[in-house]
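Reviewing the structure listed below.
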Amino acid sequence: MSFYPELDRLNQEELAFRFRMPPPEGEEYANAYYQEIAHLLREKGEGGIAFLQQEIDNENPAKLQAILFALTETRLPHFELRDFLVSYLTDRRPIIVMEAIDGLRRQGEKETVNLVLALEQHSSPYVRSSVLRFMRQLYPEQALFLLIKGLKDPDFIVRENAVDELAELEAVEALSHLRPLIKDPHPDVRQAAQTAIEILESVPSDFELEISHNER
């Protein structure tokens, strides 16, 4: 469900006008507001995409993040994004670096793995978390070690992301590493760990899968 249903009725020109204006509820809500407008502009087709491309040099981080997200939601035909996204991996704003990595992940740009892994120790927990998401989705077989390592990150944001990604990976072998996080200092991590443990405990073992296959 849309957070701003009133935007759904706007045409491309009206959406573009809103994108260039301050968020009506204040900067606190800028990320959600601009992301929704950018998504709707992309849905308008070539005209909306062209507008987002024109705005790409925007210095407003919330607007730039929204543009990067909208342009990489799914692959755009005849539109090369890899080099463009890679150029933002050295941006001074962590939230933009994070969105660039997430964009490369959504675009399936596996060959950028070395550039992404170079940011594993980035000072921002948002960037470190995006590295984990990239690896889990594009390199699941190599991601387990990094995700387990992420469970001990000093920042709760990374720990929570590592927990979530281990659940997505259905990494049953990580259960012993997850159980201590039920007593993590941060409530979000404790909740994520509890949910992940429940998910992984319900994953059929290889033995159960073999029995099921033989019974067919």
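Excluding same-chain neighbours fewer than eight residues apart, the lysines reachable from Lys63 by a Cα-Cα span under 27 Å are Lys44, Lys110. Placing +1 on the Cβ of every Lys and Arg and -1 on the Cβ of every Asp and Glu, with no other charges, gives the range 129-193 a dipole of roughly 200 debye about its Cα centre. Since only Met98, Ile49, Phe79 are under comparison, the one whose Cα sits farthest along the positive direction of the charge dipole of the range 37-109, derived from C-beta charges on Lys, Arg, Asp and Glu, is Met98.
Around the Cα centre of the chain, unit charges on the Cβ atoms of Lys, Arg, Asp and Glu (plus for the first two, minus for the last two) sum to a dipole of about 400 debye. Note on the chain: helix-only mean residue ellipticity at 222 nm, from DSSP H runs of 4+ residues weighted -39500 (n - 2.57) and normalised by residue number, equals -18000 deg cm²/dmol. At the residue level, Thr195 shows approximately 60 square angstrom of accessible surface with a 1.4 angstrom probe and all protein chains present.
Ranking Phe84, Phe17 by solvent-accessible area of protein heavy atoms (1.4 Å probe, all protein chains present), from largest to smallest, gives Phe17, Phe84. Among the listed values (i) 16; (ii) 27; (iii) 8, the one matching percent of Cα pairs over 33 Å apart as calculated from this structure is (ii). Straight Cα distances below 25 angstrom link Lys152 to the lysines Lys183, with same-chain residues fewer than 8 positions distant left out. Highest GNM mean-square fluctuation, the chain, Cα pairs closer than 10 Å: which of Pro77, Pro61, Pro140? Answer for the Gaussian network model of the chain: Pro77. Is the range 91-158 best put as rounded, prolate or oblate by its Cα gyration tensor, with a ≥ b ≥ c the root eigenvalues, rounded for a/c under 1.5, and otherwise prolate when a/b is larger than b/c, oblate when not? Cα axes put the range 91-158 in the oblate bin. Protein heavy-atom accessible surface, 1.4 Å probe, per residue over the range 75-132: 48 Å².
With all protein chains in place and ligands, DNA and RNA left out, the 1.4 Å accessible area ranks Tyr33, Tyr139, Tyr88 as Tyr139, Tyr88, Tyr33, largest first.
Axis of helix 187-201 versus longest Cα principal axis of the chain: the two differ by about 60°, to the nearest ten degrees.
Taking all protein chains as shown and a probe of 1.4 angstrom, Ile101 keeps an accessible surface of around 0 Å². Solvent-accessible surface of protein heavy atoms, probed at 1.4 angstrom with all chains present, puts Arg92, Arg18 in the order Arg92, Arg18, largest first. Under 1.5 on a/c is rounded, so check that first for the range 121-208, then, if it is not, pick prolate when a/b is larger than b/c and oblate when it is not; a ≥ b ≥ c are the square roots of the alpha carbon gyration tensor eigenvalues. Cα axes put the range 121-208 in the oblate bin.
The values are calculated or read from the model by the stated rules, or taken from the named source; none is laboratory data. Keep in mind the model is a prediction, meaning the values are calculated, not measured. As a convention, Cβ positions derive from the backbone with ideal geometry for all residues, glycine included, and neighbour counts pool all protein chains shown. Note: areas computed on protein heavy atoms with side chains; ligands, DNA, RNA excluded. Shrake-Rupley method; radii C 1.70, N 1.55, O 1.52, S 1.80 Å.
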